[in-house]
1. Being without any contact (Cβ under 8 Å) to a residue 40 or more places away in the chain, surrounded by 22 or more Cβ atoms within 10 Å (Cβ to Cβ) and among the small types (Gly, Ala, Ser) narrows it down to one of ALA223, ALA229, ALA219, so name that one.
2. Among helices (runs of 4 or more DSSP H) lying entirely in the stretch 48-157, which contain 2 or more residues that are modelled with pLDDT under 95 and either over 25 Å from GLN296 (Cβ atoms) or touching a helix residue (DSSP H, G or I) at 6+ places or on another chain (Cβ under 8 Å) (or both)?
3. List the number of the failed condition for VAL28; all other conditions in (1) within 25 Å of GLU65 (Cβ to Cβ); (2) open to solvent by 10 Å² or more (accessible area, probe 1.4 Å); (3) among the β-branched types (Val, Ile, Thr) hold.
4. Going by the structure shown, is VAL166 touching a helix residue (DSSP H, G or I) at 6+ places or on another chain (Cβ under 9 Å), open to solvent by less than 30 Å² (accessible area, probe 1.4 Å) and touching a residue at least 12 places away in the same chain (Cβ under 8 Å)?
5. Which condition breaks for TYR58 when tested against (1) open to solvent by less than 70 Å² (accessible area, probe 1.4 Å); (2) out of contact with any His (no Cβ under 8 Å at 6 or more places or on another chain)?
6. Can you find a residue in the stretch 192-201 that is under 23 Å from the mean Cα position of the chain (by Cα) and hydroxyl-bearing (Ser, Thr, Tyr)?
7. Within the stretch 310-330, is even one residue open to solvent by 20 Å² or more (accessible area, probe 1.4 Å), within 23 Å of LEU163 (Cβ to Cβ) and of a type outside the set (Ser, Thr, Tyr)?
8. Residues of the stretch 187-240 being hydrophobic (A, V, I, L, M, F, W, C), assigned to a loop (DSSP other than H, G, I, E, B) and over 15 Å from GLY155 (Cα atoms), which ones?
Amino acid sequence: MTTVFVSHPQSKLAHYFGDRAIAALQAVADVRFNPGDTDLSSSELAALAGDCEVIISYRQTVGDEALFAALPRLLAFVRCAIDIRNIDVPAASRNGVLVTQASAGFIPSVSEWIIGVMIDLSRHISATTADYHAGRPVTPTMGRELRGATLGVIGFGQISRYLCDVALALGMRIVVHDPYTPTGRKELEQVELLPLLQRSDYVVCLAAATEATENMMNAAAFAAMKPDAYFINASRGNLVDDEALIAALDAGTIAGCAVDVGRAPDQMPSPRVAAHPRVIASPHIGGLTPPAVEHQALETVAQVAELLQGRAPKGAVNAQQATRWRQATRAPQAA
């Protein structure tokens, strides 16, 4: 039976893989787990997975040249998420290792987190609750309705499409910036980045993390926003210049901010940003709901079952270069 190594730290296994996926995986393979509660380095993983054919990767597990070279029996490096930036795909291809990624199962979950923090920021819920908890006097503060406000969405992917539908149902106006993807919808106004920043009451960052989007929310971008506008990041910390964000919050250039991601380890919000009194920071929980986690974990198990049958699974990134997997399973060449 094929041996599969699951690299998730023990404390992350229940939340980011789950019992149903474990049981399904054990039905098709001999399964081993990360025995500890820390992220494994490349050398540590190589030592633990030396005779394994498949690795299922947690988000902090590095798939690099040294790992693929050290594991000649490894056929596939399977990422239990859509983000594969932890994997050196060209190195995997050079070594003939198949790489796969899961599809986004967290679209409703992340969208609901965004709506939740928009309401929280607008109605000062977290701030006043903290005052009550601390026994401080609380002065009622005038809030703002989402209805009639303008939502600016940066990036028009799957989460953005779902979020826009929810926002429209709440009576919001929507402007979208994405230079690569047309919305194709008359109720969504597509604009350049600058007018989006100038017009929006809520700016939501949902663009992919690439070289082109690195620090796209910088000092100039925050300066273009309205002083009573809120910034929300549910994408990746790479898109935001943290120092520029803190400076904008300190100066009152923007009214506040909510982040579920950042540049701290494990994609957490940066401590300096999270500590700011005008910031709502959550520990990367936007996609942490049972349906979202099970979607990706069970899809990952299905990918393992497919590749063991010699079929390139949906989500395969480099099937044409995966010579080890093809030779082991006698899979046909991809078209």
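The values are calculated or read from the model by the stated rules, or taken from the named source; none is laboratory data. Since the structure is predicted, the reported quantities are computational estimates derived from the model, not experimental observations. For neighbour counting, all protein chains shown are included, and Cβ atoms are generated from backbone atoms with ideal geometry for every residue, glycine included. Surface accessibility is based on the protein's heavy atoms, side chains included, excluding ligands, DNA and RNA. Shrake-Rupley method; radii C 1.70, N 1.55, O 1.52, S 1.80 Å.
1. On the way: ALA223 fails: surrounded by 22 or more Cβ atoms within 10 Å (Cβ to Cβ); ALA219 fails: surrounded by 22 or more Cβ atoms within 10 Å (Cβ to Cβ).
When all the criteria are applied, what remains is ALA229.
2. Details: elements: 65-70, 89-94, 107-123, 125-134.
The helices (runs of 4 or more DSSP H) meeting that bar are 125-134.
3. (1)
4. Values: touching a helix residue (DSSP H, G or I) at 6+ places or on another chain (Cβ under 9 Å): yes; open to solvent by less than 30 Å² (accessible area, probe 1.4 Å): no; touching a residue at least 12 places away in the same chain (Cβ under 8 Å): yes.
Spelling it out, it is not the case that VAL166 is touching a helix residue (DSSP H, G or I) at 6+ places or on another chain (Cβ under 9 Å), open to solvent by less than 30 Å² (accessible area, probe 1.4 Å) and touching a residue at least 12 places away in the same chain (Cβ under 8 Å).
5. Against the list (1) open to solvent by less than 70 Å² (accessible area, probe 1.4 Å); (2) out of contact with any His (no Cβ under 8 Å at 6 or more places or on another chain), TYR58 comes up short only on (2).
6. The answer is no; no qualifying residue exists.
7. There is no residue in the stretch 310-330 that is open to solvent by 20 Å² or more (accessible area, probe 1.4 Å), within 23 Å of LEU163 (Cβ to Cβ) and of a type outside the set (Ser, Thr, Tyr).
8. Quick first cut of the stretch 187-240, residues hydrophobic (A, V, I, L, M, F, W, C) only: 188, 191, 193-194, 196-197, 203-209, 212, 216-217, 219-225, 229, 231-232, 234, 239-240.
With the extra rule that they be assigned to a loop (DSSP other than H, G, I, E, B), the set shrinks to 188, 191, 206-209, 212, 216, 225, 229, 234.
MET225, ALA229 - these are the residues of the stretch 187-240 that are hydrophobic (A, V, I, L, M, F, W, C), assigned to a loop (DSSP other than H, G, I, E, B) and over 15 Å from GLY155 (Cα atoms).
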